[in-house]
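Everything below concerns the one structure shown next.
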Amino acid sequence: AQEPVLKHSYTFDDGTAKDVIGNADGLLKGGKIEAGKYITSEEGQYIELPAKLIKINTYTSLSLEAYIIAGKANATNTMLSFFGNKTKRMGTDFIFLSAKNAGYGLSSISGKNYSTPWTTSTDARCNALDDGLPHHIVTTFDNKVLKLYADGLLVDSTTNEEFPDNLLKNIGEQVAYLAKSG
């Protein structure tokens, strides 16, 4: 029941990771932008976004959207976006969108669990989207319901009722990535 406002968008149309709506320009850490597409060909290539400027933990709801072509039968996870913190070697206080994670397309949010955040995450899943074909994937979250859409269809929806700390206000501001996990 709120007016949607586009805060950040990365179209890559000008050959850069410029935020065409806001001023949260991304920094390429490998990979390349070609014909309006960000292309990674090796593990470790990603775009770093200014998490402290984006301030995702001040939002009352959000949509994470991507047009993708993920490598066919990718043997590893394929992260599309990650916002949150890093605690030692793992992501914490996060929300992410992945084309393939543990065998599924996955959107996940977890807050205030610093030892095993995946055990208290609120997740929405679909079939892995690593078939080498174009896909449109969207996550929405309104601080209650996490929804995952693939190619225009609602494929999963779940609430944070079981884990009420999974709220946008609990998302960390340390890192924001495209094509990289926390």
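Just one of Ala24, Ala17 is touching a residue at least 24 places away in the same chain (Cβ under 8 Å), within 27 Å of Ser61 (Cα to Cα) and touching a His at 6+ places or on another chain (Cβ under 8 Å); which is it? Even if it seems obvious, please write down each step before you answer.
Numbers: Ala17 fails: touching a His at 6+ places or on another chain (Cβ under 8 Å).
The match here is Ala24.
Anything in region 30-61 that is outside any loop (DSSP other than H, G, I, E, B), open to solvent by 60 Å² or more (accessible area, probe 1.4 Å) and under 22 Å from Asp93 (Cβ atoms)? List them, or say none.
Within region 30-61, Glu48, Lys52, Leu53, Thr58 meet the criteria.
For region 75-90, which residues satisfy the criterion of being farther than 20 Å from Ile39 by Cα and not in a strand (DSSP E or B)?
Answer for region 75-90, where residues must be farther than 20 Å from Ile39 by Cα and not in a strand (DSSP E or B): Lys88, Arg89.
For region 65-88, does any single residue satisfy the condition of being free of Cβ contacts under 8 Å to residues at least 60 places away in the same chain, closer than 20 Å to Val175 by Cα and open to solvent by less than 30 Å² (accessible area, probe 1.4 Å)?
For region 65-88, residues free of Cβ contacts under 8 Å to residues at least 60 places away in the same chain, closer than 20 Å to Val175 by Cα and open to solvent by less than 30 Å² (accessible area, probe 1.4 Å): present.
The conditions are (1) modelled with pLDDT of 90 or more; (2) open to solvent by 20 Å² or more (accessible area, probe 1.4 Å); (3) within 11 Å of the chain's Cα centre (by Cα), and Lys180 fails exactly one of them. Which is it?
(1)
Which one is surrounded by the fewest Cβ atoms within 10 Å (Cβ to Cβ) among residues in region 139-153 that are over 11 Å from Gly105 (Cα atoms) and hydrophobic (A, V, I, L, M, F, W, C)?
The selected residue is Leu153.
Yes or no: region 15-28 includes at least one residue that is surrounded by fewer than 18 Cβ atoms within 10 Å (Cβ to Cβ), more than 30 Å from Asp131 (Cα to Cα), among the aliphatic types (A, V, I, L, M) and modelled with pLDDT of 90 or more.
yes
Sort out which residues of region 89-132 are open to solvent by 50 Å² or more (accessible area, probe 1.4 Å), under 16 Å from Tyr149 (Cβ atoms) and out of contact with any Phe, Trp or Tyr (no Cβ under 8 Å at 6 or more places or on another chain), and write them in order of number.
Result: Tyr104, single match.
Residues Lys72, Lys112: which one is closer than 22 Å to Gly30 by Cα and either part of a helix (DSSP H, G or I) or at pLDDT below 95 (or both)?
The unique qualifying residue is Lys72.
The values are calculated or read from the model by the stated rules, or taken from the named source; none is laboratory data. Since the model is a prediction, treat every value here as computed from it, not as a measurement. Don't worry about glycine lacking a Cβ; one is built from the backbone with ideal geometry, like all the others, and counts go over all protein chains shown. Areas reflect the complete protein model, heavy atoms only, side chains present, ligands, DNA and RNA absent. Shrake-Rupley method; radii C 1.70, N 1.55, O 1.52, S 1.80 Å.
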